[in-house]
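The values are calculated or read from the model by the stated rules, or taken from the named source; none is laboratory data. Since the structure is predicted, the reported quantities are computational estimates derived from the model, not experimental observations. Here the Cβ positions follow ideal geometry from the backbone for every residue, glycine too, while neighbour counts run over all protein chains shown. Just the protein is used for accessible areas: all its heavy atoms, side chains included, with ligands, DNA and RNA removed. Shrake-Rupley method; radii C 1.70, N 1.55, O 1.52, S 1.80 Å.
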Amino acid sequence: PHGTVKPAQCASCHDKAVADYVKTAHGLARAVGQSVAASCASCHGTHDIRKSSDPASRMHRSNVAATCATCHGNEELARRANLPGGNVAAHYADSIHGRALAKKTAIADVVPVCTGCHGAHDIRSKNDVASRVSRANSPAMCGSCHAAIKMEWERSHHGKLRQANVLQAPGCIDCHSAHDITLPSDPRFALGVIEQCG
């Protein structure tokens, strides 16, 4: 009878992914009773689970931003869950990365999507020192794609201060933001960076 069927236990096959999930921002939120935090099924689906390499998968790189936007683009849910940054999906969609992804050109295959910066099963709060997007780690994370710019930054006064463990010195996200990234030639960047430096 249906009443005796237990919910799927993802850990029975995916023990490492589930062990990683427990330490993530989503897993920690669920542990304290935040039922709106993403679960395995929230991202992967239930009966429609496909390999991430399948273009029809929710976790295919072309669909990741939309999958994350179901929560991080939902104003009501962002308010109820007190999500940091509010509707970050809208910010990402309007960024240089989001616009490149939406154009579906050759660059869309390499442009960062949510999991590229935040990870997949290891998504941590930006306040967690182990997070890829923490202040201390963001230059390395951004530099994984922008290696030449990272090297230039490391030789700058800001980069040298960071290497001396002065974490207050600006890194990538201080000038370019985390989700509202624009081209340096964009007038919005020129005006925004003046405000940031000030």
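Rank ALA11, ALA140, ALA66 by mean-square fluctuation in a GNM of the chain with C-alpha springs under 10 angstrom and give only the top-ranked residue.
ALA11
Of all accessible surface on the stretch 1-160 at a 1.4 Å probe, what whole percent is carbon and sulfur?
On the way: 6210 of 10370 Å².
So the carbon and sulfur contribution to the accessible surface is 60 percent.
Using a 1.4 Å probe, what is the accessible area per residue for the chain, in Å²? Write down the numbers at each step before the final one.
Working: 12980 Å² over 198 residues.
Heavy-atom accessible area per residue stands at 66 Å².
List the pair-distance distribution P(r) of the chain, using every Cα-Cα distance, as the percent of pairs falling in each 5 Å bin from 0 up to the bin containing the longest distance, rounded to whole percents.
1, 7, 12, 18, 19, 17, 12, 8, 4, 2, 1, 1, 0, 0
Under a cut-off of 27 Å between alpha-carbon atoms, report the lysines in cross-link reach of LYS126, not counting same-chain residues fewer than 8 places apart.
Counting by Cα, and skipping residues close in sequence, LYS126 has these lysines nearby: LYS16, LYS23, LYS150, LYS160.
So, taking all protein chains as they sit and a 1.4 Å probe, how much accessible area belongs to ILE149, in Å² rounded to tens?
Rounded to the nearest 10, the figure is 110 Å².
Where does the stretch 62-171 land on the Kirkwood hydrodynamic radius, alpha-carbon pairs, in angstrom? Could the numbers behind the result be given before it?
Working: mean 1/r = 0.0652 Å⁻¹.
For the stretch 62-171, inverting the mean 1/r across all distinct Cα pairs yields 15.3 Å.
Quick check for me: using +1 on Lys/Arg Cβ and -1 on Asp/Glu Cβ, what's the dipole size of the chain about its Cα centre, in debye to the nearest 20? Can you show the working numbers first?
Values: 22 positive and 16 negative charges, 62 e Å.
Here the chain has a charge dipole of around 300 debye.
Once you order the gyration tensor axes a ≥ b ≥ c over the Cα atoms, which shape class does the stretch 104-150 get: rounded for a/c under 1.5, otherwise prolate or oblate by comparing a/b with b/c?
Working: a/c = 3.61, a/b = 1.44, b/c = 2.51.
Verdict is oblate for the stretch 104-150.
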